[in-house]
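The values are calculated or read from the model by the stated rules, or taken from the named source; none is laboratory data. This structure is a prediction, so every number in the text was calculated from the model and none was measured. No Cβ is skipped: glycine too gets one built from the backbone with ideal geometry, and neighbour counts run over all protein chains shown. Areas reflect the complete protein model, heavy atoms only, side chains present, ligands, DNA and RNA absent. Shrake-Rupley method; radii C 1.70, N 1.55, O 1.52, S 1.80 Å.
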Amino acid sequence: MHFFARLLLPILLAVCMALTAAADLCAEVRIGVIMTGDIPYYQAMHKSFVEELTQQLGSRQKVEIIVQKPFPNPISWSNAARKLIAFDVNLMVTYGWPATAAALHEKSTIPLIYAGVHEPDHAAMAGKNVTGCGYKVPLSSIVRYLKNLKSFQTLGVLYSSIEEDSVRQYEAIRGLAGQQGILTRKIDIRSRNDLAQLKEHSPDAVFITGSSLTHLWIEEILALLGQKKIPAADILPHPPESEVLMTLSHPPQPQGRMAAEMAGQILAGVSPGSIAAHTFRETELVFHQGAARSLGINFPIHLLIEATRVVR
Amino acid sequence: MRQGFLEICRRHGLVALLLFLLLGTTGVSLAAEQAEELLIGIEPEHNIFDQMERYRHLADYLSDHLGITVRLTIMSRYGEGIMRFKARKLDGAFLTPYTASMGIRELNLDPVVHPVGLNNDLTSKGYIFVRRDSGIRTAADMRGKSIVFVDPATMEGYLFPLSYLQQNGIHDINNDFSRHYFSGSHASAIFAVLDGRADIGAAKSTVFKRLADQDSSIRQELHIISSSPAVPEITLCVRNELDPQLRNRLARALLEMDKNLRGQEALAHFMALRFVKAMASEFVKVEAMLEEARPALLEAGGQE
């Protein structure tokens with residue numbers, strides 16, 4: 001017996017160690033993701049996030065990603081955050097400020113990475129469990145280019161009063177337009193019914209903020225604007241078939257990739273508070289010649305040469 | 001030549017003399033024909049249509065005043081005037097500081113006049129600027145960022161920033177920046193930084209001021225990190241072989257055009273108050289900048 005015990009003990013220990021190591025090799029982590037709205041910008045960001053994370057982790061770690069795409073309103077964002085906390089995810093990733101704000105509001109100890117937040121420096125999101133990346137689009141450039149394309153007195157601003165970042169963008173553009181003697185007209189989109197405002201108002205041009213609600217119905221909005229021959233400028237990118245006269249935006253992919261890099265570090269044990277947040281400032285200026293033709297606008301050659309891309 | 005002439009006279013007498021006089025007259029006539037047109041090159045600005053319109057009034061005035069056709073041609077890009085001055089048979093060109101300096105040094109071009117701008121400004125400076133919210137304040141902060149230059153043949157938009165970077169320990173634009181590119185015009189470089197399409201930009205002060213006067217957000221949003229010494233912004237340089245009489249008539253016509261009504265009108269279209277005499281010594285500062293930037297220019301290699 002004594003002999004067998006002496007022989008078995010090391011074997012048992014070795015088996016236990018091997019099992020522990022094997023478990024570590026394939027440890028499963030859960031990442032919870034909340035999109036402020038199910039819009040192409042955040043979808044593209046998430047696609048890049050998943051691709052980059054898969055590449056980073058390889059087969060070392062099994063990852064389960066739980067994606068929440070609530071209808072954009074404060075209760076849904078809050079519920080989505082609570083669900084992920086209840087799922088006991090290891091890490092939360094949020095796209096857009098409203099989803100980020102909802103997750104922060106829960107004061108959970110789960111590490112949080114945000115992406116797709118416009119001007120994150122202006123949003124209050126300090127905390128040792130938080131890091132992430134956002135972008136900044138200079139709104140003054142939007143006013144400048146619109147002015148170069150068309151003489152206008154009134155600028156309609158499509159925003160959503162329930163999305164704080166969108167409100168900030170409205171306030172900023174109102175100040176900038178005011179400096180140029182341009183009147184701004186609020187067009188608050190909180191539900192689909194609010195699109196009717198576009199039938200009532202006819203501003204000379206329209207600026208579309210990064211609001212998720214607005215972008216949920218963007219094709220309908222563009223159709224309504226097209227009927228009235230009102231040019232539109234957006235700070236989120238659009239596919240070529242979408243006839244927005246001008247976009248000045250930051251592409252979603254780099255933010256998705258950076259969020260994945262941060263996730264990789266956090267899963268490896270780095271504290272989120274020690275990972276520097278980042279604001280992307282590079283932008284892409286896209287002019288849509290098809291939209292310009294429909295609106296009867298000619299792009300001056302000196303403007304066209306500024307464009308990163310011209311959709312013909 | 002003189003001996004030959006006397007020999008002919010001795011041998012063929014009056015016939016030869018008449019033939020010589022006839023040939024001489026034809027020669028004079030040919031020379032006059034050659035001077036019936038002046039071809040002047042212009043370096044391109046942001047909006048070449050506006051630019052052509054500005055220069056057209058000046059060319060019309062000179063054509064009438066000199067009794068010869070003054071034709072303008074826009075060079076395809078900065079510096080082309082220097083590379084193709086001879087090939088394009090240019091008699092002169094309105095050149096920016098770096099190309100004027102190169103032309104004087106390499107082609108022995110003769111600087112004639114500079115226009116004085118509507119704000120009584122004769123010179124321009126190079127500016128290096130960033131967005132105020134970029135967090136970039138020194139050359140050290142610039143590493144790893146993107147930078148937009150104007151054109152390799154501009155003092156304000158390439159030579160000066162290279163010289164500044166060289167002095168501040170950044171020697172290789174290919175490796176010290178995430179990206180660098182040439183916008184092709186000063187205004188484009190300014191818009192690129194304003195829009196966030198580049199982190200750092202370089203352009204000339206006069207264009208910066210003109211745009212900022214039109215749009216107050218430009219001064220609010222851009223921060224100038226460094227500025228170069230002032231040098232003449234535009235100089236009309238002519239080829240050294242140009243008939244000295246024509247060269248002097250051209251200079252006089254330009255220097256005196258603010259003294260008559262027709263000239264004042266042409267100057268107003270040209271957006272200048274008057275012309276003043278130019279001297280080669282004014283380009284010493286550009287040459288000094290070139291010396292400072294030379295290692296960086298060599299490092300940049302293919303971009304030159």
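Output the residue which, of all residues in the range B:269-281 that are open to solvent by 50 Å² or more (accessible area, probe 1.4 Å) and not polar (S, T, N, Q), is nearest to B:TYR98 (Cα to Cα).
From the range B:269-281, those open to solvent by 50 Å² or more (accessible area, probe 1.4 Å) are B:269, B:271, B:273-274, B:277, B:279-281; that's our starting set.
Filter once more, keeping what is not polar (S, T, N, Q): B:269, B:271, B:273-274, B:277, B:279-280.
Details: B:HIS269: 25, B:MET271: 22, B:LEU273: 23, B:ARG274: 22, B:LYS277: 18, B:MET279: 15, B:ALA280: 12 Å.
If we take residues in the range B:269-281 being open to solvent by 50 Å² or more (accessible area, probe 1.4 Å) and not polar (S, T, N, Q), then B:ALA280 is nearest to B:TYR98 (Cα to Cα).
Among the numbered criteria (1) modelled with pLDDT of 95 or more; (2) within 26 Å of the chain's Cα centre (by Cα); (3) within 14 Å of another protein chain (Cβ to nearest Cβ), which single criterion is violated by B:ASP151?
So the condition that B:ASP151 fails would be (1).
Quick one: in the range A:274-297, which of the residues that are open to solvent by 50 Å² or more (accessible area, probe 1.4 Å) and either away from chain B (no Cβ under 14 Å) or not charged (D, E, K, R) (or both) is farthest from A:ARG30 (Cα to Cα)?
A:GLY296
For the range B:155-193, which residues satisfy the criterion of being more than 20 Å from B:THR123 (Cβ to Cβ) and within 14 Å of chain A (Cβ to nearest Cβ)?
Those that are more than 20 Å from B:THR123 (Cβ to Cβ) and within 14 Å of chain A (Cβ to nearest Cβ): B:PHE177, B:SER178, B:ARG179, B:HIS180, B:TYR181, B:PHE182, B:SER183, B:GLY184, B:SER188, B:PHE191, B:ALA192, B:VAL193.
Of the numbered conditions (1) open to solvent by less than 70 Å² (accessible area, probe 1.4 Å); (2) touching a residue at least 12 places away in the same chain (Cβ under 8 Å); (3) of a type outside the set (Gly, Ala, Ser), B:GLU299 satisfies every one except a single condition; which is it?
Every condition holds for B:GLU299 apart from (1).
State yes or no: is A:THR247 under 30 Å from A:LYS150 (Cβ atoms), among the β-branched types (Val, Ile, Thr) and either in contact (Cβ under 8 Å) with a residue 24 or more places away in the chain or crowded, with 21+ Cβ neighbours inside 10 Å (or both)? Steps first, answer last, please.
Details: under 30 Å from A:LYS150 (Cβ atoms): yes; among the β-branched types (Val, Ile, Thr): yes; either in contact (Cβ under 8 Å) with a residue 24 or more places away in the chain or crowded, with 21+ Cβ neighbours inside 10 Å (or both): yes.
Here the answer is yes, as A:THR247 does meet what is asked.
Among the residues of the range B:112-129, are any surrounded by fewer than 24 Cβ atoms within 10 Å (Cβ to Cβ), in contact with a strand residue (DSSP E or B) (Cβ under 7 Å, 6 or more places away or on another chain) and on the phi > 0 side of the Ramachandran plot?
Within the range B:112-129, one or more residues are surrounded by fewer than 24 Cβ atoms within 10 Å (Cβ to Cβ), in contact with a strand residue (DSSP E or B) (Cβ under 7 Å, 6 or more places away or on another chain) and on the phi > 0 side of the Ramachandran plot.
Taking the residues in the range B:43-58 that are open to solvent by 10 Å² or more (accessible area, probe 1.4 Å) and among the aliphatic types (A, V, I, L, M) as candidates, determine which candidate is modelled with the lowest pLDDT.
Per the criteria, the residue is B:ILE48.
Which one is farthest from the chain's Cα centre (by Cα), of the residues in the range B:208-217 that are open to solvent by 20 Å² or more (accessible area, probe 1.4 Å) and within 11 Å of another protein chain (Cβ to nearest Cβ)?
Residues of the range B:208-217 that are open to solvent by 20 Å² or more (accessible area, probe 1.4 Å), as a first pass: B:209-210, B:213-214, B:216.
Now narrow it down to the ones that are within 11 Å of another protein chain (Cβ to nearest Cβ): B:214, B:216.
Numbers: B:GLN214: 25, B:SER216: 29 Å.
Per the criteria, the residue is B:SER216.
Exactly one condition in (1) over 25 Å from the mean Cα position of the chain (by Cα); (2) on the phi > 0 side of the Ramachandran plot; (3) not hydrophobic (A, V, I, L, M, F, W, C) is false for B:GLN220; which is it?
All conditions pass for B:GLN220, except number (2).
Condition first: open to solvent by 20 Å² or more (accessible area, probe 1.4 Å), within 13 Å of chain B (Cβ to nearest Cβ) and of a type outside the set (D, E, K, R). Now tell me which residues in the range A:92-146 satisfy that.
A:HIS122
Only residues that are polar (S, T, N, Q) and closer than 20 Å to B:ARG197 by Cα: list them for the range A:240-262, please. It would help to see each step written out before you state the result.
Residues of the range A:240-262 that are polar (S, T, N, Q), as a first pass: A:242, A:247, A:249, A:253, A:255.
Those that are polar (S, T, N, Q) and closer than 20 Å to B:ARG197 by Cα: A:THR247, A:SER249, A:GLN253, A:GLN255.
How about the range B:214-304: which helices (runs of 4 or more DSSP H) wholly inside it have at least 2 residues that are under 20 Å from B:ILE128 (Cβ atoms) and touching a strand residue (DSSP E or B) at 6+ places or on another chain (Cβ under 8 Å)? Walk me through how you get there before you give the answer.
Numbers: elements: B:217-221, B:244-255, B:261-270, B:284-300.
Hits in the range B:214-304: B:284-300.
Only residues that are open to solvent by less than 50 Å² (accessible area, probe 1.4 Å) and under 28 Å from B:ASP213 (Cβ atoms): list them for the range A:181-195, please.
Applying the first criterion (open to solvent by less than 50 Å² (accessible area, probe 1.4 Å)) to the range A:181-195 yields A:182, A:184, A:187-189, A:191, A:194-195.
Correct list: A:ILE182, A:THR184.
Which condition breaks for B:ALA153 when tested against (1) touching a strand residue (DSSP E or B) at 6+ places or on another chain (Cβ under 9 Å); (2) crowded, with 22+ Cβ neighbours inside 10 Å?
Every listed condition holds for B:ALA153 apart from (1).
Having 2 or more residues that are farther than 17 Å from B:GLU43 by Cβ and in contact with a His (Cβ under 8 Å, 6 or more places away or on another chain) is the bar; report the strands (runs of 3 or more DSSP E) wholly within the range B:82-157 that clear it.
Details: elements: B:92-95, B:110-117, B:126-131, B:146-149.
Result: B:126-131, B:146-149.
Among the numbered conditions (1) within 14 Å of chain B (Cβ to nearest Cβ); (2) buried (at least 23 other Cβ atoms within 10 Å of the Cβ), tell me where A:PRO254 comes up short.
With (1) within 14 Å of chain B (Cβ to nearest Cβ); (2) buried (at least 23 other Cβ atoms within 10 Å of the Cβ) applied to A:PRO254, the lone miss is (2).
Cβ-Cβ under 8 Å, sequence separation 6+ or interchain: first residue in the range A:36-47 and closer than 16 Å to A:THR209 by Cα, partner surrounded by fewer than 16 Cβ atoms within 10 Å (Cβ to Cβ). Which pairs?
Taking only residues 6 or more apart or on different chains, the pairs are A:GLY37/A:PHE71; A:PRO40/A:PRO239.
Taking the condition of being touching a Pro at 6+ places or on another chain (Cβ under 7 Å), farther than 23 Å from A:ILE297 by Cα and open to solvent by less than 20 Å² (accessible area, probe 1.4 Å), how many residues in the range A:147-164 meet it?
The number of residues fulfilling the criteria is 1.
For the range B:194-207, what are the residues that are within 12 Å of another protein chain (Cβ to nearest Cβ) and not in a helix (DSSP H, G or I)?
To start, the set of residues in the range B:194-207 that are within 12 Å of another protein chain (Cβ to nearest Cβ) comprises B:194-200.
Across the range B:194-207, the qualifying residues are B:GLY196, B:ARG197, B:ALA198, B:ASP199, B:ILE200.
Look at the range B:173-184 and say how many of its residues are in contact (Cβ under 8 Å) with a residue 60 or more places away in the chain and either surrounded by fewer than 14 Cβ atoms within 10 Å (Cβ to Cβ) or of a type in the set (Ser, Thr, Tyr) (or both).
Counting residues in the range B:173-184 that are in contact (Cβ under 8 Å) with a residue 60 or more places away in the chain and either surrounded by fewer than 14 Cβ atoms within 10 Å (Cβ to Cβ) or of a type in the set (Ser, Thr, Tyr) (or both) gives 1.
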